[in-house]
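Structure first, commentary second.
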Amino acid sequence: AQTVTQSQPEMSVQEAETVTLSCTYDTSESDYYLFWYKQPPSRQMILVIRQEAYKQQNATENRFSVNFQKAAKSFSLKISDSQLGDAAMYFCAYRKFQDMRFGAGTRLTVKP
Amino acid sequence: DGGITQSPKYLFRKEGQNVTLSCEQNLNHDAMYWYRQDPGQGLRLIYYSQIVNDFQKGDIAEGYSVSREKKESFPLTVTSAQKNPTAFYLCASSTRGLAPYTDTQYFGPGTRLTVL
């Protein structure tokens, strides 16, 4: 079974600084999707960014970007110019067809 | 506005009772999913449905049941057979997608179930 590992239970960043959240996954597939979701205190899961495995170019969405290393099975999220509203749990997820796997999450704190 | 609604937001159940969690979407998505979230853990898949009148078990289906009579609705029943049902439950939906590429899942606001 595919597994997703987030090795950082908690991270902290100063407002306006940059932070990188780590994610590794295990799969024997070559085509799949990877996602980062944000879960603020409201507990609503919000899509941050997604990456198609067949694309070599790293996905970016405004202040959010990923470093996708397919051979290393690594998918880190970089948040630039961190804002107080970025404070949340962040979940990395893998998907192939209907098989969707989530990591245990990283709690990000943003200090003013 | 298009989206996914879940009700109720909070639900309390006595031991031995069955309860049903509602999930409705107006995104015209074919696929719907139920996840369970426990503290310190990621989401775990309970059931999913790719089309009306069809659904499959996920990783932790024991003690749960679902139905999919309408495209818009995918209710989850937590039965008395579920030994530890206290958790946060999230419903999601997505387009069905073509293999091997499947589309993004969008989530509802969740239901917090507590067993008294």
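The values are calculated or read from the model by the stated rules, or taken from the named source; none is laboratory data. None of these values were measured; they are calculated from a predicted model. With ideal geometry, Cβ positions are generated from the backbone for all residues, glycine too; neighbour counts draw on all protein chains shown. In case anyone asks, the SASA skips ligands and DNA or RNA and just uses the protein heavy atoms, side chains included. Shrake-Rupley method; radii C 1.70, N 1.55, O 1.52, S 1.80 Å.
If you go through the stretch A:86-104 and pick out every residue that is more than 14 Å from residue A:25 (Cβ to Cβ) and open to solvent by less than 50 Å² (accessible area, probe 1.4 Å), you end up with 6. Condition check for residue B:73 on (1) within 10 Å of another protein chain (Cβ to nearest Cβ); (2) touching an Asp or Glu at 6+ places or on another chain (Cβ under 8 Å): one failure, at (1). Residues that are part of a strand (DSSP E or B) and of a type in the set (S, T, N, Q) do not occur anywhere in the stretch A:82-102. Against the numbered list (1) under 23 Å from residue A:46 (Cα atoms); (2) more than 14 Å from chain A (Cβ to nearest Cβ); (3) open to solvent by 50 Å² or more (accessible area, probe 1.4 Å); (4) in contact with a strand residue (DSSP E or B) (Cβ under 7 Å, 6 or more places away or on another chain), residue B:20 comes up short only at (1).
Counting only residues that are aliphatic (A, V, I, L, M) and open to solvent by 20 Å² or more (accessible area, probe 1.4 Å), the stretch A:70-85 holds 3 of them. Restricting the first member to the stretch B:43-58 and to residues that are open to solvent by 20 Å² or more (accessible area, probe 1.4 Å), and the second to residues that are of a type in the set (Asp, Glu), the beta-carbon pairs closer than 9 Å and six or more apart or on different chains are B:44/B:38; B:44/B:59; B:50/B:30; B:51/B:30; B:52/B:30; B:52/B:69; B:53/B:69.
Residue B:81 falls short of the stated requirement of being assigned to a loop (DSSP other than H, G, I, E, B), without any contact (Cβ under 8 Å) to a residue 24 or more places away in the chain and closer than 23 Å to residue A:102 by Cα.
Look at the stretch A:52-69 and say how many of its residues are more than 11 Å from chain B (Cβ to nearest Cβ) and open to solvent by less than 80 Å² (accessible area, probe 1.4 Å). Summing the residues that are more than 11 Å from chain B (Cβ to nearest Cβ) and open to solvent by less than 80 Å² (accessible area, probe 1.4 Å) in the stretch A:52-69 gives 8.
Summed over the stretch A:1-22, residues that are away from chain B (no Cβ under 11 Å), in contact (Cβ under 8 Å) with a residue 24 or more places away in the chain and in a loop (DSSP other than H, G, I, E, B) total 7.
Any residue at all in the stretch A:73-91 that is acidic (Asp, Glu) and within 14 Å of chain B (Cβ to nearest Cβ)? No, the stretch A:73-91 contains no residue that is acidic (Asp, Glu) and within 14 Å of chain B (Cβ to nearest Cβ). All conditions in (1) over 22 Å from residue B:103 (Cβ atoms); (2) free of Cβ contacts under 8 Å to residues at least 24 places away in the same chain; (3) not aromatic (Phe, Trp, Tyr) hold for residue A:74, with the sole exception of (2). Residue A:41 meets all of the listed conditions (1) within 28 Å of residue B:6 (Cβ to Cβ); (2) of a type outside the set (Phe, Trp, Tyr); (3) without any contact (Cβ under 8 Å) to a residue 24 or more places away in the chain; (4) surrounded by fewer than 17 Cβ atoms within 10 Å (Cβ to Cβ) but one, namely (3).
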